[in-house]
Amino acid sequence: MNRRQFDVMMVLAGAPYSDDSLGTALRTVEQLLARDASVHVWACGFATWLTQVGEPVKPAGALDWEFSFPSASGVVLEMINEYPKSLLWTACRTCSMERRLTNHAAPVRMRLATQMRRYFDAADKLISVGVV
Amino acid sequence: MPDRWMFVLNRAEAVGPNVIREVASVLATTSEVAIYLAGTCALHHLIAPDPIPGTRVIVDRKTLRRVGWPENQVPVGVVADEGVIADALLDPKTQVIWR
């Protein structure tokens with residue numbers, strides 16, 4: 001079966017709140033998309049949290065009640081909507097079910113962890129960020 | 001063997017103190033090696049810079065802003081954003097390692 005070829009596949013694992021890796025990774029994806037590259041993100045572990053249906057902004061902060069900052073999932077969903085042709089976001093079904101995080105936003109698809117290997121050859125570069 | 005390597009180091013606890021250093025040192029003898037420091041790895045660099053001979057250190061701008069640079073005026077070397085990682089990922093001759 002021929003799969004769509006991507007410039008970069010990024011396996012994103014680990015919890016969004018654990019360290020700065022996720023922020024660096026998301027900004028790297030943004031920069032790749034800005035360069036007209038195609039990107040396939042495979043989210044594992046608690047990174048499956050990023051595409052849950054929910055609030056796209058953070059709760060109001062005490063320093064400025066009027067200004068709203070996007071949440072991490074807000075940033076991700078905006079990217080997916082802005083680059084529907086060049087960004088494919090897959091959430092690991094195994095990790096999602098294990099954590100009861102299966103309520104993903106519409107453009108996100110779920111695939112079993114056992115299928116991840118099939119997509120490796122469909123990317124020019126493969127990068128793994130974080131640990132589950 | 002790639003012509004160029006980029007190590008993106010983000011979590012100090014995930015970086016073996018000697019493993020990355022040894023690997024990067026060996027690679028630097030035959031290839032261009034860039035070390036992109038972000039997160040806690042960038043903080044370690046700010047506190048006690050210990051560059052690996054033959055490698056080019058790049059410090060993440062976002063991390064520096066978060067910790068108060070450039071107000072602190074710490075000389076850190078080359079400062080850049082994730083665009084350089086994107087460029088490395090899109091360069092077929094560059095291998096990117098992320099830890």
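Of the strands (runs of 3 or more DSSP E) contained entirely in chain B, those carrying at least 2 residues that are more than 14 Å from every other protein chain (Cβ to nearest Cβ) fall at B:32-37, B:55-60, B:78-80. Residues in the range B:26-56 that are closer than 14 Å to B:Gly77 by Cβ, crowded, with 21+ Cβ neighbours inside 10 Å and among the hydrophobic types (A, V, I, L, M, F, W, C): B:Ala34, B:Ile35, B:Leu37, B:Ala38, B:Cys41, B:Ala42.
Residues checked against (1) under 15 Å from the mean Cα position of the chain (by Cα); (2) at pLDDT 90 or above; (3) surrounded by 14 or more Cβ atoms within 10 Å (Cβ to Cβ):
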{"site": "A:Pro59", "(1), (2), (3)": "no, no, no"}
{"site": "A:Phe67", "(1), (2), (3)": "no, no, no"}
{"site": "A:Tyr83", "(1), (2), (3)": "yes, yes, yes"}
{"site": "A:Ser86", "(1), (2), (3)": "yes, yes, yes"}
{"site": "A:Cys92", "(1), (2), (3)": "yes, yes, yes"}
{"site": "A:Arg100", "(1), (2), (3)": "no, yes, no"}
{"site": "A:Arg109", "(1), (2), (3)": "yes, yes, no"}
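The number of residues in the range A:95-110 being free of Cβ contacts under 8 Å to residues at least 24 places away in the same chain and either among the aromatic types (Phe, Trp, Tyr) or farther than 16 Å from A:Val76 by Cβ (or both) comes to 4. A:Ser128 meets each of the listed conditions (1) over 23 Å from A:Thr28 (Cβ atoms); (2) within 14 Å of another protein chain (Cβ to nearest Cβ); (3) not hydrophobic (A, V, I, L, M, F, W, C) apart from (1). Regarding A:Phe6, is this residue under 19 Å from A:Thr102 (Cβ atoms) and buried (at least 19 other Cβ atoms within 10 Å of the Cβ)? Against the criterion (under 19 Å from A:Thr102 (Cβ atoms) and buried (at least 19 other Cβ atoms within 10 Å of the Cβ)), A:Phe6 does not qualify. The number of residues in the range A:30-48 that are within 9 Å of another protein chain (Cβ to nearest Cβ) and either in contact with a Gly (Cβ under 6 Å, 6 or more places away or on another chain) or modelled with pLDDT under 95 (or both) comes to 1. When the residues of the range A:15-29 are filtered to those that are assigned to a loop (DSSP other than H, G, I, E, B) and within 9 Å of chain B (Cβ to nearest Cβ), the one that is surrounded by the fewest Cβ atoms within 10 Å (Cβ to Cβ) is A:Ser18.
The values are calculated or read from the model by the stated rules, or taken from the named source; none is laboratory data. Here the structure is a predicted model, which means the values were calculated and not measured. Methodologically, a virtual Cβ is constructed for each residue, glycine included, from the backbone with ideal geometry; neighbour enumeration extends over all protein chains shown.
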